[in-house]
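Each remark here refers to the structure printed beneath this line.
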Amino acid sequence: MVPVIAGLLASIAVQAEPPPRIAIIIDDLGYELDAGQRAVNLPGPVACAVLPSTPRGRELARAAHVAGKEVLLHLPLQSEIDGMELEPGVIRLDTTREQFARIFAESFESVPFAIGVNSHRGSLLTRHPGHMGWLMEEISARGDLLFVDSYTTPQSVALRLARENGIPSVRRDVFLDDDRDDESIAREFDRLKRLATVRGLAIGIGHPHPETLAFLERELPGLREQGFVLVSVSEYVALKDRADARPPAAGTGAATAN
Ligand SMILES: [Zn+2]
């Protein structure tokens, strides 16, 4: 083949394939103003997930919104490991439906500009379809909100219930900083990029630790040059919903669920 034509065809092939998309959420905002402000100032459309009824939550949610960042209500749900008693607004297994509605309303009110909800901890509560059903009722009742399952247990039913309730929703792929040292954060960030390359889309969650913030400040500006596109959480959810709704390719042998 004439080299010019071969080159042209190759470039068309490259253009036809959309670049891998990555979304990032910074969780647990609301306590420390400096760290929170630094998360708000991260380059690109990184989402800011704010804990309800926290000393700096309202202020940081407003700052994030002003900076053009999407805000999520980071809703505390009971985990398997106790010690969440001090967390304001935590929803527990023994929370009644009535209490649930009140806690959710207060929490939602305390985080202005929230475009959705993601779960904080929750390794116990996200396994319970009853409570997750209540959560999705509260989310649905407030119109156009999205939901991100932080996925702290493989037994979580949150994503399934969100989708059954027609809520645009996704599940977290990677925690960037379960270990806070630079090497681990770099390894998890690489894993996020690999997942995005293979699947077209991947979403990671980090926390406002100095190590994570420094890493993202350094790495995010170079993503595009490496062929990745950093997208907002709402764009990510829309793309992922569309991708998941696509019928599986012929011959993949997907089982029919009855
Ligand atoms: Zn959290």
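The values are calculated or read from the model by the stated rules, or taken from the named source; none is laboratory data. Values in this document were obtained by computation on a predicted structure and should not be read as measured data. All Cβ positions, even for glycine, are placed from backbone atoms using ideal geometry, and neighbour counts span all protein chains on display. All accessible areas refer to the heavy atoms of the entire protein, side chains included, with ligands and DNA or RNA removed. Shrake-Rupley method; radii C 1.70, N 1.55, O 1.52, S 1.80 Å.
The listed residues are Asp181, Asp144, Asp173, and the only one of them that is open to solvent by 60 Å² or more (accessible area, probe 1.4 Å), away from the ligand (no atom under 13 Å from the Cβ) and within 24 Å of Ala243 (Cα to Cα) turns out to be Asp144. Here's a check for you: in the stretch 56-68, which residue that is of a type in the set (Gly, Ala, Ser) and not in a loop (DSSP other than H, G, I, E, B) is nearest to the ligand (Cβ to nearest atom)? Looking at residues that are of a type in the set (Gly, Ala, Ser) and not in a loop (DSSP other than H, G, I, E, B), I get Gly57.
Scanning the stretch 13-55 for residues that are assigned to a helix (DSSP H, G or I) and within 16 Å of the ligand (Cβ to nearest atom) yields Ala35, Gly36, Ala39.
Rundown of residues vs (1) open to solvent by 10 Å² or more (accessible area, probe 1.4 Å); (2) among the β-branched types (Val, Ile, Thr); (3) modelled with pLDDT of 95 or more, yes/no style:
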| site | (1), (2), (3) |
| --- | --- |
| Glu17 | yes, no, no |
| Ala23 | no, no, yes |
| Arg38 | yes, no, yes |
| Asn41 | yes, no, yes |
| Arg58 | yes, no, yes |
| Ala61 | no, no, yes |
| Lys69 | yes, no, yes |
| Pro76 | no, no, yes |
| Gly83 | yes, no, no |
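Scanning the stretch 152-170 for residues being touching a residue at least 60 places away in the same chain (Cβ under 8 Å), open to solvent by 50 Å² or more (accessible area, probe 1.4 Å) and farther than 15 Å from Asp241 by Cα gives a total of 1. Looking at (1) modelled with pLDDT of 95 or more; (2) touching a strand residue (DSSP E or B) at 6+ places or on another chain (Cβ under 8 Å); (3) open to solvent by 20 Å² or more (accessible area, probe 1.4 Å), which one does Glu98 not meet, given that it meets all the others? For Glu98, the exception is condition (2).
Just wondering, is there one or more residues in the stretch 162-179 that are touching a His at 6+ places or on another chain (Cβ under 7 Å) and under 22 Å from Gly44 (Cα atoms)? Among the residues of the stretch 162-179, at least one is touching a His at 6+ places or on another chain (Cβ under 7 Å) and under 22 Å from Gly44 (Cα atoms), which makes the answer yes. Of everything in the stretch 106-140 that is touching a Pro at 6+ places or on another chain (Cβ under 9 Å) and closer than 13 Å to Ala162 by Cα, the residue that is farthest from the ligand (Cβ to nearest atom) is Gly116.
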